[in-house]
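S.K.: Encoded as structure tokens, here's the structure I'll be asking about.
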Amino acid sequence: MKTELFESIENVIGKVNTIVLLDEQGCTSEVSRIVTDEKPYILKSANKEKYREWLKNEAHILEKLRDNSIPLPRYFGFFEQLDSSHLLMSFEEGVTLTYALTNATLMEKKKLLRSFGRFLNHFHESSPLNCLEHEGSWLDIQLEKAKGYVDSGQCDGDSKLLNSLISNKPLPVNQTMIHGDCTTDNVLVKDGEISLFIDVAGMTVGDPRYDESLAISDLIDEPELLEAFYEGYTRYRVTMNEFKYFNEGLYEFF
Ligand SMILES: Nc1ncnc2c1ncn2[C@@H]1O[C@H](COP(=O)(O)OP(=O)(O)OP(=O)(O)O)[C@@H](O)[C@H]1O
Ligand SMILES: [Mg+2]
């Protein structure tokens, strides 16, 4: 780690004892655990332009939501260098839901997915926080961002798919707070229950069907597991068309 970054971190949290790369990494960043005498922290670092932008958003969101009731890591700092960006936040106990599901029995899987459904249901049903409100339709904003990524070759989706998403927007529903990348990778499990959201760059007020579709993405062909999720997520059930629009359509650009 560069001296300048190391010093900035110590300025915030005091003397650092160890820095260790986590075993479980995401795709868009490098994540390390930093330990001081007081407590552990997470440093999330990105160097590609697109992911640096996301990391900056994530930092803004964690900072804005520092004193709110949404279960999230606590913000400690954001550091930008010439070729990389770094977010410092609290280390939270737990494993990702993806990891927890890997070696679980069918009964344990159902319990975890019911908990995931309940957790997301509660979040979508909470009154949107003022600080997450914004002008304009979330979907239109996402389609505009997607166009930027297509033009600069920074995503899997192509302009044909994008045009079809623009022409076939689903009928609008009430906007709610959304996580914005609500896969099983981005929630942590502690003591058998979903405890916290991570990776919150996309958290805003938007279309809850996007979260729901990503949440059930790996369950869609497993009726028993899907039912377990919906025992917790009772507020709405996406249609197959909506699921495809969001999971196989819009998500291709993010
Ligand atoms: N605050 C935290 N406390 C503990 N572990 C964390 C924390 N934030 C992230 N992690 C760990 O780091 C891993 C990667 O984090 P995260 O999902 O934020 O990164 P990412 O690279 O953006 O992932 P993605 O590929 O989904 O975009 C997580 O799977 C989790 O194991
Ligand atoms: Mg992630």
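Table: residues versus (1) surrounded by fewer than 14 Cβ atoms within 10 Å (Cβ to Cβ); (2) in contact with a Cys (Cβ under 6 Å, 6 or more places away or on another chain).
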{"residue": "Ser167", "(1), (2)": "yes, no"}
{"residue": "Asn174", "(1), (2)": "yes, no"}
{"residue": "Leu196", "(1), (2)": "no, no"}
{"residue": "Asp211", "(1), (2)": "no, yes"}
{"residue": "Ile216", "(1), (2)": "no, no"}
{"residue": "Ala228", "(1), (2)": "no, no"}
{"residue": "Phe243", "(1), (2)": "no, no"}
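S.K.: Could you list, in sequence order, all residues of the range 199-209 that are in contact with a helix residue (DSSP H, G or I) (Cβ under 7 Å, 6 or more places away or on another chain) and buried (at least 20 other Cβ atoms within 10 Å of the Cβ)? Step through it out loud before you land on a result.
M.R.: Residues of the range 199-209 in contact with a helix residue (DSSP H, G or I) (Cβ under 7 Å, 6 or more places away or on another chain): 199-201, 203-209.
Within the range 199-209, Asp199, Val200, Ala201, Met203, Thr204, Gly206, Asp207, Pro208, Arg209 qualify.
S.K.: Could you list, in sequence order, all residues of the range 230-241 that are of a type in the set (Val, Ile, Thr) and surrounded by 13 or more Cβ atoms within 10 Å (Cβ to Cβ)? Even if it seems obvious, please write down each step before you answer.
M.R.: Step one: of the range 230-241, the residues of a type in the set (Val, Ile, Thr) are 234, 238-239.
Within the range 230-241, Val238 is the sole residue that qualifies.
S.K.: Can you name every residue in the range 183-228 that is under 14 Å from the mean Cα position of the chain (by Cα), assigned to a helix (DSSP H, G or I) and away from ligand 2 (no atom under 11 Å from the Cβ)?
M.R.: Of everything in the range 183-228, those that are under 14 Å from the mean Cα position of the chain (by Cα), assigned to a helix (DSSP H, G or I) and away from ligand 2 (no atom under 11 Å from the Cβ) turn out to be Pro208, Tyr210, Asp211, Glu212, Ser213, Leu214, Ala215.
S.K.: Can you report the number of residues in the range 159-182 which are more than 16 Å from ligand 2 (Cβ to nearest atom) and either touching a Pro at 6+ places or on another chain (Cβ under 9 Å) or at positive phi (or both)? Spell out how you get there, then give the answer.
M.R.: Residues of the range 159-182 that are more than 16 Å from ligand 2 (Cβ to nearest atom), as a first pass: 159-177.
Filter again for either touching a Pro at 6+ places or on another chain (Cβ under 9 Å) or at positive phi (or both), leaving 173-177.
Residues in the range 159-182 being more than 16 Å from ligand 2 (Cβ to nearest atom) and either touching a Pro at 6+ places or on another chain (Cβ under 9 Å) or at positive phi (or both): 5 in total.
S.K.: Okay, next question. Give the range 184-212 a look and list any residue that's within 16 Å of ligand 1 (Cβ to nearest atom) and in contact with an Asp or Glu (Cβ under 8 Å, 6 or more places away or on another chain), or say none.
M.R.: Thr184, Asp185, Asn186, Leu188, Lys190, Ser195, Leu196, Ile198, Asp199, Val200, Ala201, Gly202
S.K.: I've got another one for you. Could you check how many residues of the range 121-142 are part of a helix (DSSP H, G or I) and not β-branched (Val, Ile, Thr)?
M.R.: Restricting attention to the range 121-142, the residues satisfying the condition of being part of a helix (DSSP H, G or I) are 121-125, 130-132, 138-142.
Right, trim to not β-branched (Val, Ile, Thr) and you get 121-125, 130-132, 138-140, 142.
Number satisfying all stated conditions: 12.
S.K.: I'd like the residue in the range 27-44 that is under 26 Å from Gly202 (Cβ atoms) and out of contact with any Ser or Thr (no Cβ under 9 Å at 6 or more places or on another chain) and, out of all such residues, is surrounded by the most Cβ atoms within 10 Å (Cβ to Cβ).
M.R.: Start the filter on the range 27-44 by keeping residues that are under 26 Å from Gly202 (Cβ atoms), which leaves 27-34, 40-44.
Pick out the ones that are also out of contact with any Ser or Thr (no Cβ under 9 Å at 6 or more places or on another chain) and you get 27-28.
Values: Cys27: 6, Thr28: 16.
The qualifying residue surrounded by the most Cβ atoms within 10 Å (Cβ to Cβ) is Thr28.
No value in this document is a laboratory result; all are computed from the given coordinates. Values in this document were obtained by computation on a predicted structure and should not be read as measured data. Note: ideal-geometry Cβ built from the backbone for every residue, glycine included; neighbour counts use all protein chains shown.
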